[in-house]
Amino acid sequence: MDTIYPSLVHIVGEGYASFRREELFTYSKDLGTSEPKWPDYVAAPKTAEQVAEILKLANREKVPVVPLGGGMSLAGLALPLKGGIALDLKRMDRIIEVNEKGRYAVVEAGVSHGKLTAYLHNQHPHLMHSEPGAPPAATIGGNLAIHGQGDLAHPYGFNTDMINGMEIVLPTGEICKFGSCAVGAGWFTLHPLPDVGLFLGWNGATGIITKVSLRLFPYKKFREMEIFVVEDENLIPEILYELTHLGLTEDLVAFSSAIPPFSDRLHHVSINVTGDSEAEIELKRRLIFEVKLAKYIESGVGGIAAVSQAIQRPQVSKSADWKKGGGFEYVGSIMPVSAYPECYRRGAEISTRHHIPYTILGRVIGCGHAMMFSWSYAFNRADEKTVRHAREALHETDNIVMDLGGVIWKPAVFGQELLLAKMDVNTLSLMKKIKLLLDPNNIMNPGNWEVD
Amino acid sequence: MALAEYQYNDVIHRCFRCGYCKFPTDWSDVTNCPAYARFRLESYSAGGRLWLIRAWVNGELEWSEHLADIVYSCAACKNCVEKCPLSFNEDIVNMVTAAKNEMVEMGLVPRGVKKFLNNVQLHGNPYGISAGRRTGWMEGKSYPAYQGQEFLYYVGCEGSFDTRAQSAARALGDVLTNSGVSFGVLGEKEVTDGNEVDLLGEDALFESVAEKNIRQFKKAGVNKIITLSPHSYNAMKNSYPRFHGDFEVFHYTQILADLIKKKRVRGVSGPDEEEKITFHDPCFLGRWNQEYNAPRNILKSLPGLTLVEMPRNKKGAACCGGGNFYTDLLGGSEESPARIRAREAAATGAGILAVACPNCLTMLEDAVKVEGLENRIKVRDIAEILV
Ligand SMILES: Cc1cc2nc3c(=O)[nH]c(=O)nc-3n(C[C@H](O)[C@H](O)[C@H](O)COP(=O)(O)OP(=O)(O)OC[C@H]3O[C@@H](n4cnc5c(N)ncnc54)[C@H](O)[C@@H]3O)c2cc1C
């Protein structure tokens, strides 16, 4: 008789575990082009202790465990490639502490980005965190597990660079803390203790993030978005260089898309400008347009497409529902900013070949140290042919990233294999040792970052 | 087996499951869908439900009692409609209702739903109580029988049979009487409005109920109807015209707001001390019929009461889960939508949680009790506040 299901019910409570086909079906599907992968069980724990119990059970029974946050990563990363327990972490959704003056928030990993933003907005209107452009159901833990980036990537880097501490449940069930919280101090810094952080960017393959102290940053009351536009993609890297030198903006994103037609083949740079007063915004706007970008305007190669637009959370609608098809997936990459023109050209070519209007985007990370460059491919969920096209386009794009000397971000298994094949052998061997040490029974999200 | 006839075959694949619909308008938490708030498994989210329906319709999944439970866990509150950013959003609840239609046609509905429908067929109400006891709500009061007065006061099933809702029904009867409104009631002859029958996907039974009511109303010479329940209001106002039932239908708050404006509501006294009051918008008055002002206008006019809003209000108001009252699916847990709503109401500091729907009244009063908030906040139907 199956003892796993009753054990799960015992741990998480009636109603929060299932092995019924309807739940398994729902968790077998990703929002993107991945083929379904069925779990054997679904469980939704409420506490780190429950997660620990489940991992101990999984080790005893040798069943895989696949953590799931918002399920927004699209590349099949939270699909149970080898069956097992789909662990829905969204009930772990407490905002535990916000330290206003110390500018950090301690949250459970299943807290959604939407919830944290709303909470700060209402309770701590001077603070914000770096929210990714993902749908707001994306969770803090899931985003860190894939090294996400948000709307403060330009001033402060990857979201994983904004951590003051973490609580992790190791694959073998021990609950560990990292950072100042590990020595009983507050959750205000990750450093200077010896670095044992082996959990970020691993897709949960080395442990489950259950709590995080996230750095918060000043939320400026006056906020607006400017949009600059050029036709020549080759100008984008130097424009971004100028703007990052200025260093006065919050989010810098260059993008281009075939739809709507008026913007086809044009390259837009959205520039988020914020300030504590109208005068501060005005000054920044002047420095951007009259000092840094004036030469492009004067020479006629660039123009101001919009000023003083309200900054709004990006909506998934247009890209996901192109031609009423209800689907899209993208390849993300971390690239040098200088690669923008080539990334755009190669991406547009792939899109054309697969009959999909191109959509590309590059978000600056740090002071122009890199960008997250993405290529999106829409498909019609009801038309298998278009799904296949999108899937092929995604694979071709993974290859382009490698060709152009970039790093695929949140790669699907296909992309992970490309990266592992190119990985320095000693690094590869270290990854293998780490995985074996932390997860001796290979229960954690197997199939992800798997070194043979 | 694929269902070629399913009405939304060309739309349902468009849900991306982006999860915007999980959030209320203030983005405060993922409790926008009452069923998802309660169960917190993806299968119960609005997107999960649509994907399951699609899988069933395509023949990818077989029907099961559990599948039907998930489909029927939709309370039709329309909060998802409000939040979905895609252009098909208006059809989300329709897609679920159409799936229920298919299940009904195949005789494949959850036991609770079947019982509900049986009761309506047998007794004219979902409670399974004999129609002869429909006048129990009057409790010795003698509201006039409808005989051509200006308004028919349609009490509805909850007001007629549920002990808590009966008090609201009487209160409304009294307020209308005190205000000199010319009205009558149908008493034993009243039958269910059919709103839930329609939403449970039983088209044929709904048609029969609606036609029965329409015939009866016309025979009695009814032109204008006042309903206690927003559910009745919705059915009579929006669906009865399909069967040539063209009446002037009002929710009672619309009538009372107007009477108050004309200073015809008499003898309303306020509390001894200034008190805060908050209002819970019923889904079928608010999102389904965009009536947000009438109840608020009433409350704002009352002496000694200050209206404070919950963060989720008007079109973003949380659903108490009452639209799902044929089964206890949504009750029983700290995460039940009614309990979440009761906590939100108490957090405003209000001493009274005003409602304008008998379903909300019973759901929220139970929730306040279970939450142990009775000493802090009382649940009152607006009609009860006015008597
Ligand atoms: C339209 C759109 C726009 C997007 N824009 C951005 C963007 O601007 N920036 C960005 O960073 N991302 C973006 N994304 C990608 C993705 O949605 C986000 O990174 C999101 O934050 C991932 O979080 P999640 O909770 O959805 O993770 P999931 O998809 O649930 O999980 C991601 C991975 O982490 C693992 N995991 C989940 N939770 C945990 C945990 N607590 N501990 C350990 N492992 C865990 C899962 O097994 C999986 O491998 C976008 C996605 C979409 C659809």
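The values are calculated or read from the model by the stated rules, or taken from the named source; none is laboratory data. Worth saying up front: this structure is predicted, and the values here are computed from it rather than measured. Neighbour counts are summed over all protein chains in view; Cβ atoms, including those assigned to glycine, are modelled from backbone coordinates with ideal geometry. Heads up: the accessible areas ignore ligands, DNA and RNA and are worked out on the full protein's heavy atoms, side chains in. Shrake-Rupley method; radii C 1.70, N 1.55, O 1.52, S 1.80 Å.
All but one of (1) within 16 Å of the ligand (Cβ to nearest atom); (2) surrounded by fewer than 17 Cβ atoms within 10 Å (Cβ to Cβ) hold for A:E231, so report the exception by its number.
The number of the failed condition is (1).
Exactly one condition in (1) touching a residue at least 40 places away in the same chain (Cβ under 8 Å); (2) in a helix (DSSP H, G or I); (3) within 15 Å of the ligand (Cβ to nearest atom) is false for A:E53; which is it?
Condition (3) is where A:E53 drops out.
Regarding segment A:352-371, can at least one residue be identified that is within 16 Å of the ligand (Cβ to nearest atom), within 14 Å of chain B (Cβ to nearest Cβ), touching a helix residue (DSSP H, G or I) at 6+ places or on another chain (Cβ under 6 Å) and within 22 Å of A:N159 (Cβ to Cβ)?
Within segment A:352-371 (the criterion being within 16 Å of the ligand (Cβ to nearest atom), within 14 Å of chain B (Cβ to nearest Cβ), touching a helix residue (DSSP H, G or I) at 6+ places or on another chain (Cβ under 6 Å) and within 22 Å of A:N159 (Cβ to Cβ)), the answer is no, since none of the residues qualifies.
Answer yes if at least one residue in segment B:25-32 is within 16 Å of the ligand (Cβ to nearest atom), assigned to a loop (DSSP other than H, G, I, E, B) and either touching a residue at least 60 places away in the same chain (Cβ under 8 Å) or open to solvent by 20 Å² or more (accessible area, probe 1.4 Å) (or both), and no otherwise.
Within segment B:25-32, one or more residues are within 16 Å of the ligand (Cβ to nearest atom), assigned to a loop (DSSP other than H, G, I, E, B) and either touching a residue at least 60 places away in the same chain (Cβ under 8 Å) or open to solvent by 20 Å² or more (accessible area, probe 1.4 Å) (or both).
Tally time: how many residues in segment B:312-347 are within 14 Å of chain A (Cβ to nearest Cβ) and either open to solvent by less than 40 Å² (accessible area, probe 1.4 Å) or modelled with pLDDT of 95 or more (or both)?
Qualifying residue count, segment B:312-347: 11.
Assess whether A:K292 counts as being away from the ligand (no atom under 16 Å from the Cβ) and modelled with pLDDT under 95.
So A:K292 does not fit the description; no.
Residues being open to solvent by 70 Å² or more (accessible area, probe 1.4 Å) and out of contact with any Ser or Thr (no Cβ under 9 Å at 6 or more places or on another chain): count how many of those fall in segment A:115-131.
Number of matching residues: 3.
Just to be sure, is A:G173 open to solvent by less than 30 Å² (accessible area, probe 1.4 Å), farther than 24 Å from A:E250 by Cα and not assigned by TED's automatic domain parsing to the domain that holds A:K37? Give the derivation first.
On the way: open to solvent by less than 30 Å² (accessible area, probe 1.4 Å): yes; farther than 24 Å from A:E250 by Cα: yes; not assigned by TED's automatic domain parsing to the domain that holds A:K37: yes.
Yes.
If you go through segment A:367-420 one residue at a time, how many are over 25 Å from A:P80 (Cβ atoms), part of a helix (DSSP H, G or I) and not polar (S, T, N, Q)?
Number of matching residues: 8.
Please state which one of A:G157, A:G102, A:G148 is crowded, with 24+ Cβ neighbours inside 10 Å and either farther than 12 Å from A:R215 by Cα or not assigned by TED's automatic domain parsing to the domain that holds A:P45 (or both).
Exactly one residue qualifies, and that residue is A:G148.
Check segment A:410-431 and report whether any residue there is buried (at least 22 other Cβ atoms within 10 Å of the Cβ) and in contact with a helix residue (DSSP H, G or I) (Cβ under 7 Å, 6 or more places away or on another chain).
Yes, the conditions are met somewhere in segment A:410-431.
In segment A:139-154, how many residues are under 19 Å from A:S333 (Cα atoms) and either more than 6 Å from the ligand (Cβ to nearest atom) or assigned to a loop (DSSP other than H, G, I, E, B) (or both)?
10
Look through B:V104, B:V96 and report the one residue that is open to solvent by less than 10 Å² (accessible area, probe 1.4 Å) and either under 30 Å from B:C15 (Cβ atoms) or of a type in the set (K, R) (or both).
B:V96
Output the number of residues of segment A:284-328 satisfying the condition of being farther than 26 Å from A:Y219 by Cα, in contact with a Leu (Cβ under 7 Å, 6 or more places away or on another chain) and either surrounded by fewer than 19 Cβ atoms within 10 Å (Cβ to Cβ) or outside the structural domain of A:L248 (by TED's automatic domain parsing) (or both).
2
Residues A:A105, A:A118: which one is in a helix (DSSP H, G or I) and more than 9 Å from the ligand (Cβ to nearest atom)?
Working: A:A105 fails: in a helix (DSSP H, G or I).
Exactly one of A:A105, A:A118 is in a helix (DSSP H, G or I) and more than 9 Å from the ligand (Cβ to nearest atom), namely A:A118.
So A:D93 clears everything in (1) assigned to a loop (DSSP other than H, G, I, E, B); (2) touching a residue at least 24 places away in the same chain (Cβ under 8 Å); (3) within 14 Å of another protein chain (Cβ to nearest Cβ) except one condition, right? Which one?
Just one mismatch for A:D93, condition (2).
List every residue pair whose Cβ atoms lie under 9 Å apart, where the two residues are 6 or more positions apart in sequence or sit on different chains, the first residue falls within segment B:282-296 and is free of Cβ contacts under 8 Å to residues at least 24 places away in the same chain, and the second residue, located anywhere, is open to solvent by 10 Å² or more (accessible area, probe 1.4 Å) and polar (S, T, N, Q).
Here the result reads B:Y292/B:N313, each pair linking segment B:282-296 to a residue that is open to solvent by 10 Å² or more (accessible area, probe 1.4 Å) and polar (S, T, N, Q).
Any idea which of A:V66, A:V51, A:V42 is within 14 Å of chain B (Cβ to nearest Cβ), more than 17 Å from A:G447 (Cα to Cα), crowded, with 24+ Cβ neighbours inside 10 Å and modelled with pLDDT of 95 or more?
A:V42
Among the listed residues A:F414, A:F379, identify the single one that is outside the structural domain of A:T359 (by TED's automatic domain parsing) and not small (G, A, S).
Just one listed residue meets the conditions, A:F414.
If we only count helices (runs of 4 or more DSSP H) wholly inside segment B:39-136, which ones have 1 or more residues that are within 14 Å of chain A (Cβ to nearest Cβ)?
Those helices (runs of 4 or more DSSP H) span B:46-57, B:65-72, B:79-83, B:92-105.
For (1) under 12 Å from the mean Cα position of the chain (by Cα); (2) within 14 Å of another protein chain (Cβ to nearest Cβ), each residue gets a yes or a no:
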{"position": "A:E97", "(1), (2)": "no, no"}
{"position": "A:G114", "(1), (2)": "no, yes"}
{"position": "A:T117", "(1), (2)": "no, yes"}
{"position": "A:G133", "(1), (2)": "yes, yes"}
{"position": "A:L144", "(1), (2)": "yes, no"}
{"position": "A:N159", "(1), (2)": "yes, no"}
{"position": "A:I168", "(1), (2)": "no, no"}
{"position": "A:T172", "(1), (2)": "no, no"}
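How about segment A:12-48: which of its residues are part of a helix (DSSP H, G or I) and within 15 Å of the ligand (Cβ to nearest atom)?
A:T26, A:Y27, A:S28, A:A48
How many residues are more than 7 Å from chain A (Cβ to nearest Cβ) and assigned to a loop (DSSP other than H, G, I, E, B) when one looks only at segment B:14-24?
Total meeting the criteria: 1.
Output the residues belonging to segment A:69-90 that are in a loop (DSSP other than H, G, I, E, B), facing chain B (nearest Cβ under 9 Å) and more than 6 Å from the ligand (Cβ to nearest atom).
Selection gives A:K90 alone.
Does segment A:180-214 hold any residues that are crowded, with 23+ Cβ neighbours inside 10 Å and either more than 15 Å from the ligand (Cβ to nearest atom) or small (G, A, S) (or both), and which are they?
The answer is A:W187, A:G204, A:A205, A:G207, A:S213.
Is it the case that A:K292 is touching a Gly at 6+ places or on another chain (Cβ under 8 Å) and either farther than 30 Å from A:P136 by Cα or not polar (S, T, N, Q) (or both)? Spell out the reasoning first.
Values: touching a Gly at 6+ places or on another chain (Cβ under 8 Å): no; either farther than 30 Å from A:P136 by Cα or not polar (S, T, N, Q) (or both): yes.
For A:K292, the condition - touching a Gly at 6+ places or on another chain (Cβ under 8 Å) and either farther than 30 Å from A:P136 by Cα or not polar (S, T, N, Q) (or both) - is not met.
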